[in-house]
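No lab work stands behind these numbers, since they all come straight from the coordinates. This one's a predicted model, so the numbers in the text were calculated from it and none came from an experiment. In this analysis, Cβ positions are derived from the backbone assuming ideal geometry, glycine residues included, and neighbour counts consider all displayed protein chains.
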Amino acid sequence: MSEATLLEVRELQTEFVTEEGIIPAVNGISLHVSKGETLALVGESGCGKSITSLSILGLIAEPGRVTGGKVLLEGRNLLHLSRKEMRRVRGQEISMIFQEPMTSLNPVFTIGNQIGESVRRHLRLNRKQARAKSVEMLELVGIAHADKVVDYFPHQLSGGMRQRVMIAIALSCSPKLLIADEPTTALDVTIQAQILELIARLSKTLDTGVILITHDLGVVAEMADRVAVMYAGEIVEEASVEALFEQPLHPYTQGLLKSLPSIEGLQDELYSIPGTVPNLLDKPPGCLFAPRCPYADGLCATVRPLLEERRDQHRVRCHHACKEERL
Ligand SMILES: Nc1ncnc2c1ncn2[C@@H]1O[C@H](COP(=O)(O)OP(=O)(O)O)[C@@H](O)[C@H]1O
Ligand SMILES: [Mg+2]
């Protein structure tokens, strides 16, 4: 790990205890994020992206539990911290943005109150300073007339503006790491692009590490430095954005890329990967993707592939990843 490594997750395990059995939602995830770097976590719905981020944030609730691994923030294992210490980490060192800003903003307080509350707590500012800082943060996230908007209530803002406010709150205490879980899914396409651009720009100027969670590889291309592709609670491929898009090695990643709408938008129907994600209570014995994979053979059906570095900084979990360049 280089010196600039901010977050390192090693062999993280999170499971849910249900009446039907134990669901291994996150099964041995390892990843790392450097300062100023954006790591995208992608995969279909249900593959464990949110549970991974909630595990990092110490927010897994019953019937879930983190059962193994390490979450190292600048070398300190967050899994060993008390609830109180973890709350401080969440306020000051790691921030998060979720999909639906309306549920995270409090409808009865003005925008300025809500940003102000966060900055006053963390930066020990008085009321007047907090208001000035709130206006400054609103300007930073590209909100026009920030000195007016600061007195608005959440319902007076559009969805895109609310998400900007959430980003302003998330960044107001200068976190080292920002976790954005599908931050633009609820927004329309042009606003989506603006919000993503904003996160990317702020990450570079403030040197914030970002974990960007999305089910959409399209948003990754512009935004991320590296990508980890998840499938059924595991990472199946990890590479730089360039390598992943130019030469995806895992058939699942290839399928995800194939299902992106083309730029021309003219061609045939959108491809979708056949089949569904495996039932985590009853996993197939070999490769978890084998039942949906066009290249699966007897080896895949019986032996679980490991995540291996097949090219420089390019890891993949597939028995056949390098045998043929089938792209
Ligand atoms: N409260 C819960 N109870 C039982 N299982 C859960 C719960 N929350 C999540 N899971 C399991 O964890 C898996 C991963 O969920 P999640 O991380 O939310 O997926 P996503 O990649 O869509 O963010 C789900 O498919 C489900 O099997
Ligand atoms: Mg999710």
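Below are the figures for this structure:
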| read-out | value |
| --- | --- |
| Contour minus Cα-Cα distance for Glu242 and Lys70 (0.36 nm per residue) | 59.1 nm |
| Calculated diffusion of the chain, Stokes-Einstein form, Kirkwood radius summed over Cα pairs, 37 °C and 0.692 mPa s, µm²/s | 157 µm²/s |
| The chain: most fluctuating residue of Ser272, Ser174, Ser30 per GNM, C-alpha cutoff 10 Å | Ser272 |
| Degrees, to the nearest 10: 83-92 long Cα axis against longest axis of the chain | 70 degrees |
| Positive-pole candidate from His319, Ala239, Val165, dipole of the chain, charges at beta carbon | Val165 |
| Whole-Å distance, taken between Cα centres, linking the stretch 81-146 and the stretch 191-210 | 17 Å |
| Relative contact order [Cα under 8 Å, 6+ residues apart], the stretch 1-138, whole percent | 22 percent |
| Distance in nm between pseudo-label sites at Asp312 and Glu20 (7 Å out along the Cβ direction from Cα) | 4.5 nm |
| The chain: angle of helix 189-206 to the longest principal axis, Cα-based, in degrees nearest 10 | 80 degrees |
| The stretch 25-52 residues near the modelled Ser259 label - backbone nitrogen below 18 Å, point 7 Å along Cα→Cβ | 41-50 |
| Computed [θ] at 222 nm, deg cm²/dmol, the chain (DSSP H ≥ 4; -39,500 (n - 2.57); rounded to nearest 500) | -9500 deg cm²/dmol |
| Full-extension gain in nm, Thr276 to Arg124, via 0.36 nm per residue minus C-alpha separation | 49.7 nm |
| Range in the chain, longest, excluding exposed trypsin sites (Lys or Arg not before Pro) [loop by DSSP; at most 12 other beta-carbon atoms within 10 Å] | 125-322 |
| The stretch 206-265, relative contact order in percent, only Cα pairs under 8 angstrom and at least six apart counted | 25 percent |
| Separation in nanometres of the label points that stand 7 Å from Cα toward Cβ, at Tyr152 and His215 | 2.9 nm |
| Acute angle (nearest 10 degrees) that the helix 127-140 long axis makes with the longest principal axis of the chain, alpha-carbon atoms | 50 degrees |
